[in-house]
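To start, the structure itself, in structure tokens.
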Amino acid sequence: MPDSLSATTTAFTTLSDALTRRFPGRIALVSSFGTESAVLLHLVAQIAPATPVIFLDTLKLFPETLAYRDTLTTRLGLTDVRVISPKPTRLAKFDPDGTLWQRDTDQCCAIRKTNPLDDALEGFDAWITGRKRAQAATRAHLELVETGADGRVTVNPLAFWSDADLSAYFTAHNLPRHPLEAQGYTSIGCATCTRKPLPGEDKRSGRWAGSAKTECGIHLPRAMKEPTWPEAFNFEV
């Protein structure tokens, strides 16, 4: 329990500083409403429930995730949840039949997540994520506060949290779990590209399984020079 209390104190202090001192009115929380999201959303709701919460609805999500979003929004008293979806014009031009994910997951994520998020974060100086070092090797060096790939300040209040810390917080505050967690899902993205992890795999191994892809792109540099990217996309930040 002492470790969990320490983790909570650090997260609460980091969030309070960002929300009320450093970036009041200029910071948003980006949440997937995934298996661990309730913890960070609960912490933010205690400090500033009117904080903008950006939810990226890729139009490929599990229906359980959409229902969980609504449940947590009501339960926690969040008053500014912004549902952001890909622009119909981009979908019509680059993914008219909705099967781009089968051919090019990077481009699909750009259309459905990265570009919409960049649009949604216009006017904000910082944003809050739920990333943790324990989630995967690719996140092993996260810091509480960083300069993000998009040039904004990125706040990671749960960076040092363990699975035990998360579990203790869920229990202490009687927070509802994501409906798919009971079925064995540990990290949940689009239904088309998410599976349950196999024994011995890390939490995020079920994302884009069978490929080398480990991130959707919202936490990666935007200056992408690949010749296959549609010229209409703006990856320069």
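A short reminder: the numbers here are calculations on the coordinates, not readings from a lab. No experiment lies behind these values; they were computed from the predicted model shown. Here Cβ is always computed from backbone atoms with ideal geometry, including for glycine, and neighbour counts include all displayed protein chains.
Note that the stretch 62-168 shows a convex hull volume over its alpha carbon atoms of 157 Å³ per residue. When each of the peptides 7-14, 78-85 is scored by the mean number of other C-beta atoms lying within 10 Å of its residues, the order from highest to lowest reads 7-14, 78-85. Taking 0.36 nm per residue of separation and subtracting the Cα-Cα distance, full extension of the segment from D97 to I47 would add 13.7 nm. For L61, the residues whose modelled amide H falls within less than 5 Å of its own, excluding neighbours fewer than 5 places apart on the same chain, are A191. With the biggest extent put first, the Cα atoms of the stretch 1-94 measure 51, 28, 23 Å across the principal axes.
Under a 5 Å amide H cut-off, with hydrogens placed 1.01 Å from N, V145 pairs with N156 among residues at least 5 apart or on other chains. Each peptide among 158-167, 180-189 gets the average number of other Cβ atoms lying within 10 Å of its residues, and from highest to lowest they stand as 158-167, 180-189. Computed from backbone phi, the HN-Hα couplings of the stretch 142-158 come to 4, 10, 4, 9, 9, 8, x, 5, 8, x, 7, 6, 10, 10, 10, x, 9 Hz, rounded to whole numbers (Karplus: 6.51 cos²θ - 1.76 cosθ + 1.60, θ = phi - 60°; Gly and Pro given as x). Annotation: amide H-H contacts under 5 Å for W161 (H modelled 1.01 Å from N, sequence separation of 5 or more, or interchain): R133.
The calculated FRET efficiency for the pair E122 and T71, based on their C-beta separation and a Förster distance of 30 Å, comes to about 0.55.
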